[in-house]
Amino acid sequence: MPLTSTREMFEMAYRGGYAVGAFNVNNMEIIQGIVEAADAERSPLILQVSAGARKYANPVYLRKLVEAAVETATIPIVLHLDHGETFEIAKSCIDGGFTSVMIDGSKHPFEENVRLTKEVVVYAHARGVPVEAELGKLAGIEDAIKSKESVFTDPDEAVEFVKRTGCDSLAVSVGTSHGAYKFKGEPTLDMERLETISKMLPGFPLVLHGASSVLPHLVEEANKYGAKLPGAKGVPEDLIRKAAAMGVCKVNVDTDLRLAMTATIRRVMAESPAEFDPRKYLGPARDAIREVVRHKIKDVMGCAGKA
C-alpha cells in the first residue's frame, strides 16, 4: 500500500469521533515499533518527521526507512513534516515525497503567519498535499521548538485564519505543551475553548501538539535506573479522549516514545552491564515503543480497527 494523505483519514476520524496518532520518528527501531503497533491494532497511522529528526538522521534515510515500513504494513500510512518553519523546508519535503506537511508560522504575527501558510498551501495543493498550520503558541521545549509561555488560540482568529489560508487542519493551543514538563500543578486543558473553536469550524479537523501523557510508569522506571526527571507530568489521557470527540482528528506523541526508549535502554544497561551488542538494548526499546503506541491507539485515541 503506497503512502496516503490525511484528507480521507481525517474525514473518517471526524465522523467517527476518534483521533489518529501522529508519532515522531528518528531511527529504524522507533519506526518499526510504531508501525508494528499500528498494524497489529489495524489503525491508520501518521509518521512525522521534525526538523531535529531531519538533521539527526538525514531526510533520505528517514524517507527510505518509512518506505520500507510501508512495504511491510497493511494499513494506511502518512509521512508528515512536523513543525516546518519555512516555505523552503515544506517545499523540500513535498518534492521529496512527503504526503502531508505542517508549516508552523505561530511565532510570527498573525498577518505573517497567514502569508506564510497561504504560500505553502498554494504550492502543496497544486501537488495534492494537505497542509497543517498552527495558531497560538505552545510552551515547552522539543527539538528546535522553544517557547517560555503559551498563547492560547483565539476562536475568532482561528476562523479567519482557516478561511484566508485554505489550510486543511489547524493545530490549536489550549494548554498542552512540548516536552516532559507540561504542568507544574494540576493538569488541565481549556476544553471550553477547544469546544468553541470546533463549533465555529464545523467539520474541520483540529490538531493537538504536545499531547504526550508522560506515562508515570515510564518516568519511574527511567528514574530508577539513573535518569533525573523529577516532577515530569503530561496530559491526562481522559482529556485526550474528550478532545477526540470535539473535532481533534490528530494527536501528536513524541515524549512518551522517548521515555519508553530511554527507560528501557537504561534498565537493560543496568541489569546487564557487560552487554555491548546494541541489538540487545535497542530491541527491547523497540518492544517498549510498540506497547506504548498500542496503548495510545487502543485506549486513548480510539483509532484501533479503523484502518
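Coordinate-derived values only; no laboratory data. Treat the numbers as computed from the prediction; the structure is a model and nothing was measured. Using ideal geometry, Cβ is built from the backbone for each residue, glycine included, and neighbour counts are taken over all protein chains shown.
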In percent, what relative contact order does the range 174-256 have, based on Cα pairs under 8 Å that are 6 or more apart in sequence? 44
Where in the chain is the longest stretch that carries no trypsin sites (Lys or Arg not before Pro) classed as loop by DSSP and with at most 16 other Cβ atoms within 10 Å? 229-307
Evaluate the distance, in nm, between pseudo-label points positioned 7 Å from the Cα of Lys55 and of Glu8 along their respective Cα→Cβ axes. 3.7
Dipole magnitude of the chain, debye to nearest 20 (Cβ charges: Lys/Arg +1, Asp/Glu -1, about Cα centre): 300
Stretched out fully, how many nm does the piece from Glu88 to Asn27 gain, at 0.36 nm a residue minus the Cα gap? 19.6 nm
Ranked Ile30, Ile75, Ile94, criterion: other C-beta atoms within 10 Å, fewest first: Ile75, Ile94, Ile30
Please build a GNM for the chain, connecting alpha carbons under 10 Å apart, and tell me which residue among Ile103, Ile77, Ile89 fluctuates the most. Ile89
Label zone at Glu291, where the point sits 7 Å out along the Cα-to-Cβ direction: the range 237-273 residues whose backbone N lies under 16 Å: 256-269, 271
Karplus (6.51, -1.76, 1.60) ³J(HN,Hα), θ = phi - 60°, over the range 209-219, in Hz, Gly and Pro reported as x: 8, x, 9, 5, 8, 6, 3, x, 5, 6, 4
Gaussian network model of the chain, springs between alpha carbon atoms under 10 Å - residue of Ala260, Ala270, Ala180 with greatest fluctuation: Ala270
Contact order relative to length for the chain, counting C-alpha pairs under 8 Å separated by 6 or more residues, stands in percent at 23
If you plug each phi of the range 68-82 into the Karplus form 6.51 cos²θ - 1.76 cosθ + 1.60 with θ = phi - 60°, what whole-Hz ³J(HN,Hα) values come out, in order, with x for Gly and Pro? 5, 5, 4, 5, 9, 9, 10, 10, x, 10, 10, 9, 10, 7, 9
Given the options Gly247, Gly234, Gly283, state which has the largest fluctuation in a GNM of the chain using a 10 Å cut-off (strictly under) for Cα springs. Gly283
Does the chain come out rounded, prolate or oblate, given a ≥ b ≥ c as the square roots of the eigenvalues of its C-alpha gyration tensor, rounded meaning a/c under 1.5 and, failing that, prolate meaning a/b above b/c? prolate
Per the C-alpha gyration tensor (a ≥ b ≥ c, the square roots of its eigenvalues), the range 1-61 is rounded if a/c is under 1.5, else prolate if a/b beats b/c, else oblate; here it's prolate
How many nm is it between the label spots at Arg42 and Met200, if each spot is 7 Å from the Cα in line with the beta carbon? 4.0
